[in-house]
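Everything on this sheet refers to the single structure shown next.
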Amino acid sequence: ALHFLYRTSYALVLDVALYTVFRQRRPCSCSFNGGPSEQIGSVYGMPSGDSLMGALFGAWIWDQGPSHALSKIAGVLFTIAVMGERISWGWHSVGQACVGATLGVLLYYWNTRTPQFMVVLETIIFVPMGFLL
């Protein structure tokens, strides 16, 4: 479990890095309590980091839960609920949430199906690069 938690931290770094690559703005600015319009969070929103993490956790529920259909449904519903929340509150567009969720599922399967030598190679490459950036 700790190994999985360590590797999911890549999602946070990947999300911020992809913001700078895509540079797609969030869909709206919102007004709170009738005040002036304010930008929500960071300027960029592609991909949705919360949808990415929600899908990663939903894939974990799908994969690690009991083999009956209830865990599969719960994993899918959790992912859809996180995506829906991000879209309905105006923090992300449908496309941004879908890309984030797709990356979350892919990252989960990369994290759980990767051979051990790739984990060592990732650590040798990514940890020093993290300190440089």
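To the nearest 0.05, what FRET efficiency results for Gln64 and Ser42 with a Förster distance of 35 Å applied to their C-beta separation? Display every interim value, and only then the final one.
Working: r = 31 Å, r/R0 = 0.90.
FRET efficiency, Gln64 to Ser42: 0.65.
For the peptides 91-99, 75-83, the ranking by mean Cβ contacts within 10 Å, running from highest to lowest, is 91-99, 75-83.
Using the beta-carbon distance between Thr112 and Val13 and R0 = 25 Å, what value does 1/(1 + (r/R0)^6) give for FRET efficiency, to the nearest 0.05? For R0 = 25 Å, the calculated efficiency reads 0.85.
Per-residue 3J(HN,Hα) values for segment 55-63, derived from phi via the Karplus relation 6.51 cos²θ - 1.76 cosθ + 1.60 with θ = phi - 60°, read 5, 4, 5, x, 5, 5, 4, 4, 7 Hz in sequence order (x marks Gly and Pro).
We did not get these values from a lab; they are worked out from the coordinates using the rules stated. Every value quoted in this text rests on a predicted model; they were computed, and no experiment measured them. No Cβ is skipped: glycine too gets one built from the backbone with ideal geometry, and neighbour counts run over all protein chains shown.
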